[in-house]
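Peer 1: Below is the structure I would like to discuss, written out as structure tokens.
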Amino acid sequence: MRIGLLTDGGYPYATGESRLWCDRLVRGLPQHEFDLYALSRSARQERQGWVRLPEGIGQVRTASLWASGAGLPQAGPPRGLTGRLATGLGRAYGRRERRRFTAHVTALVGAVCAGADAGSPGGTGAAGRFADGLYGLAELARECGGLPTALRSEATVRVLEAACRAPGAGRTVHSATVPDYLAFAVELERALRPLSLDWYDEDSLGAVDLCHAASGGAAALPGLLAKRFFGVPLLVTEHQVPLRTHYLAAPEASFRAPVRALLAHFHGLLAFEVYRQASVVTPGNTHVRRWQERCGADPATVRTVYPGMDAERFRAVGEGDDRGGPATLVWIGRMEPAKDLLALLHAFAEVRRAEPGTRLRVFGAPVEGDEGGGYRARCEALAAQLFPDEATDAHAVGDSPVTFEEIGGPEVPDLAEAYAAGGVVVLSSVVEGFPISLVEAMFCGRATVSTDVGAVVEVVGGTGLVVPPRNPRALADACIALLRDPERRARLGAAARARALELFTVEQNLAAFRGIYLDLVAHVPARWTAEAERAERTGPPRPFATPPEAHVLGQLPPAPIASGASARVPSWAASGAEAESVCAGARGAGSSDA
């Protein structure tokens, strides 16, 4: 079948959170054809280019969400919708289009302003008005263009001002001022930019059998329109919840409180609509699933599919002997405040008092920017304070029990060797989604000590020790317990490897999506082209776009239709006259045998 893979800030670009997962999906399901529809998030991401794409990729369409103005003139903000509004596409909004735009943006903005302080969808009434406004703007953009300019116009600002001051608007948005209206109008245009793309025709998203969004939010918007315009089913996969990410980032934003409240409610309503329209939603873990169901996802459409990881690169360590120092703790990850390395260092001070010969090896690199480098400097300063260089005598050089290292040197050439360097792997985070480093440690057969955040308990499943976050004493006690009991450490490591191989491999992930693709498309009614809809169909109808015979290897002939009409046939079902003659011969042979 033909899959429209929708990404936001990831694949096929060389950087991005969904890059590895999407690449493995495309390469692991070569029987399907994938078309990529990618939204980029920064100029740097576009400069770094794409990864090398496999043969299973059809067309690739990209669009930018970072460029300001979407190509609009930068001399100043566009004027209001009075008179004639130039769209930049050689057309103009007439009176009828102006009325349509005003009605749709009023419905959408009114829904956003209603109950924005609560940050929830706000009931079916607000969600319904939001959906009406969203699809109305999409249809206007498809027919007339010019939506980016219109959304940045004075008319939008006036509608926003009226909605913020209307009865029922929250106290926070009621206090908004003109700069807040202007700031939110800019962010609204950027968020709705996918509505104006040229992806919605019979040769693009209208030609796919299924849209698979690699995340919610902006990536799923083209999938919503493909379902609206062409009836294409939508599958949404989320390893993290974009709405939760937005909530966490909101306090750090430079906007004032009214703009943050409006943006929070907009993203909440968008998430609600995405989950409502998706035929299947596949969270990467139960932690994400709880967020999705809280934001409106129907539990009947939600299926947890763990992200697949490459176990082969860790096989030598997992199947070999424990070469790591049994008295060595290992930490691996990105050095940032959310990982709470400071608490780990305080915990290790307790470990050293109980087990003086223990070492701590920290493998990681700071995140980009001044904050990442500053956090690593703080960690190194604390380690130097807690563990001054120790020397065996007055003539020896001191050696700190804590080392900060990077993977790729002569002693630790790759990631597997880093996990092999210790007997216990520690995760000390205060915020975590799906703990990738924990799964990698399990592939290596290592016992783990982790904090109870995100999906940690779900991943560990009883094969490691879990303690409360921000509790150095509990973290130290768990580490000491494993350091003093090598037999228990070995049992937990073996159980962890068996669990990881059962649940978290690439093969398990691909098998899950292979079944979801076939099951989902097989239950979607057949779609007909406009030409076929107008033609008289006298032949027997084909009940599903993908019949159950799709599970059988080989190509199938299309169902017969009326002369002059051409039903849309999925790409996998295309066949020639030879296949038809073979099937006809088989039918004749069957009747003679009878």
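Peer 1: So, in the range 197-213, how many residues would count as being within 18 Å of G9 (Cα to Cα) and either among the hydroxyl-bearing types (S, T, Y) or open to solvent by 10 Å² or more (accessible area, probe 1.4 Å) (or both)? Full working, then the answer.
Peer 2: From the range 197-213, those within 18 Å of G9 (Cα to Cα) are 197, 199, 211-213; that's our starting set.
If we keep only those that are either among the hydroxyl-bearing types (S, T, Y) or open to solvent by 10 Å² or more (accessible area, probe 1.4 Å) (or both) as well, we get 197.
Here the count works out to 1.
Peer 1: For L438, all conditions in the list (1) surrounded by fewer than 21 Cβ atoms within 10 Å (Cβ to Cβ); (2) in contact with a helix residue (DSSP H, G or I) (Cβ under 7 Å, 6 or more places away or on another chain); (3) in a helix (DSSP H, G or I) hold save one; what is the number of the exception?
Peer 2: It fails just one condition, (1).
Peer 1: Within the range 168-176, is there a residue that is closer than 12 Å to V105 by Cα, hydrophobic (A, V, I, L, M, F, W, C) and modelled with pLDDT of 90 or more? Talk me through it step by step, then tell me what you get.
Peer 2: Initially, the range 168-176 is screened for residues closer than 12 Å to V105 by Cα, giving none.
No - not one qualifying residue is present in the range 168-176.
Peer 1: Tally up the residues in the range 31-52 that are open to solvent by 50 Å² or more (accessible area, probe 1.4 Å) and either within 20 Å of the chain's Cα centre (by Cα) or farther than 22 Å from W199 by Cα (or both), please.
Peer 2: Narrowing the range 31-52 to residues open to solvent by 50 Å² or more (accessible area, probe 1.4 Å): 31, 33, 41, 44, 46-48, 50, 52.
Adding the requirement that they be either within 20 Å of the chain's Cα centre (by Cα) or farther than 22 Å from W199 by Cα (or both) leaves 31, 41, 44, 46-48, 50, 52.
Number of matching residues: 8.
Peer 1: Continuing with this model, one more query. Return the residues of the range 138-176 that are under 31 Å from the mean Cα position of the chain (by Cα) and outside any helix (DSSP H, G or I); say none if nothing qualifies. Before you say what the answer is, go through the steps one by one.
Peer 2: Step one: list which residues in the range 138-176 are under 31 Å from the mean Cα position of the chain (by Cα), which gives 138-143, 145-152, 156, 160, 170, 172-173.
G145, G146, R152, G170, listed by residue number.
Peer 1: I would also like to ask the following. Among the helices (runs of 4 or more DSSP H) contained in the range 205-302, which hold 3 or more residues that are touching a residue at least 40 places away in the same chain (Cβ under 8 Å), over 24 Å from P435 (Cβ atoms) and not small (G, A, S)?
Peer 2: Values: elements: 221-230, 242-249, 257-277, 286-294.
Fully inside the range 205-302 and qualifying: 221-230, 257-277.
Peer 1: Further question on the same structure: Quick check, is G28 out of contact with any Phe, Trp or Tyr (no Cβ under 8 Å at 6 or more places or on another chain), at positive phi and either modelled with pLDDT of 85 or more or open to solvent by less than 40 Å² (accessible area, probe 1.4 Å) (or both)? Break it down stepwise before answering.
Peer 2: Details: out of contact with any Phe, Trp or Tyr (no Cβ under 8 Å at 6 or more places or on another chain): yes; at positive phi: no; either modelled with pLDDT of 85 or more or open to solvent by less than 40 Å² (accessible area, probe 1.4 Å) (or both): yes.
No; evaluated as a whole, the condition is false for this residue.
Peer 1: Is it the case that G16 is within 14 Å of the chain's Cα centre (by Cα), within 19 Å of A67 (Cβ to Cβ) and open to solvent by less than 10 Å² (accessible area, probe 1.4 Å)?
Peer 2: Numbers: within 14 Å of the chain's Cα centre (by Cα): yes; within 19 Å of A67 (Cβ to Cβ): yes; open to solvent by less than 10 Å² (accessible area, probe 1.4 Å): no.
Spelling it out, it is not the case that G16 is within 14 Å of the chain's Cα centre (by Cα), within 19 Å of A67 (Cβ to Cβ) and open to solvent by less than 10 Å² (accessible area, probe 1.4 Å).
Residues checked against (1) open to solvent by less than 30 Å² (accessible area, probe 1.4 Å); (2) among the aromatic types (F, W, Y); (3) not in a helix (DSSP H, G or I):
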position	(1), (2), (3)
V431	no, no, yes
M442	yes, no, no
G445	yes, no, yes
S450	yes, no, yes
G462	no, no, yes
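Peer 1: Take L482 and tell me if it is surrounded by fewer than 22 Cβ atoms within 10 Å (Cβ to Cβ) and in a helix (DSSP H, G or I).
Peer 2: On the way: surrounded by fewer than 22 Cβ atoms within 10 Å (Cβ to Cβ): no; in a helix (DSSP H, G or I): yes.
In short, no.
Peer 1: Can you tell me which residue among A349, A377, A394 is surrounded by 13 or more Cβ atoms within 10 Å (Cβ to Cβ) and either at pLDDT 90 or above or not charged (D, E, K, R) (or both)? Please lay out each step first, then the result.
Peer 2: Values: A377 fails: surrounded by 13 or more Cβ atoms within 10 Å (Cβ to Cβ); A394 fails: surrounded by 13 or more Cβ atoms within 10 Å (Cβ to Cβ).
A349 is the lone residue from the list that is surrounded by 13 or more Cβ atoms within 10 Å (Cβ to Cβ) and either at pLDDT 90 or above or not charged (D, E, K, R) (or both).
Peer 1: Also, quick follow-up: Is there a residue in the range 318-338 that is open to solvent by less than 60 Å² (accessible area, probe 1.4 Å), touching a residue at least 12 places away in the same chain (Cβ under 8 Å), more than 30 Å from Q385 (Cα to Cα) and part of a helix (DSSP H, G or I)?
Peer 2: Yes, that holds for at least one residue.
Peer 1: For P179, indicate whether it is assigned to a loop (DSSP other than H, G, I, E, B) and open to solvent by 20 Å² or more (accessible area, probe 1.4 Å). Give the derivation first.
Peer 2: Values: assigned to a loop (DSSP other than H, G, I, E, B): no; open to solvent by 20 Å² or more (accessible area, probe 1.4 Å): yes.
No: the conditions fail for P179.
Peer 1: What are the pairs with Cβ atoms under 8 angstrom where one residue, in the range 132-155, is touching a residue at least 12 places away in the same chain (Cβ under 8 Å) and farther than 11 Å from E97 by Cβ and the other, located anywhere, is among the basic types (K, R) and in a helix (DSSP H, G or I)? Sequence gap at least six, or different chains.
Peer 2: Between residues of the range 132-155 that are touching a residue at least 12 places away in the same chain (Cβ under 8 Å) and farther than 11 Å from E97 by Cβ and residues that are among the basic types (K, R) and in a helix (DSSP H, G or I), the close pairs are Y135/R228; G136/R100; A138/R228; P148/R193; A155/R98.
The values are calculated or read from the model by the stated rules, or taken from the named source; none is laboratory data. Given the structure is predicted, the values throughout are model-derived calculations rather than measurements. Heads up, the Cβs are rebuilt from the backbone with ideal geometry, glycines too, and the neighbour counts pull from every protein chain shown. Surface accessibility is based on the protein's heavy atoms, side chains included, excluding ligands, DNA and RNA. Shrake-Rupley method; radii C 1.70, N 1.55, O 1.52, S 1.80 Å.
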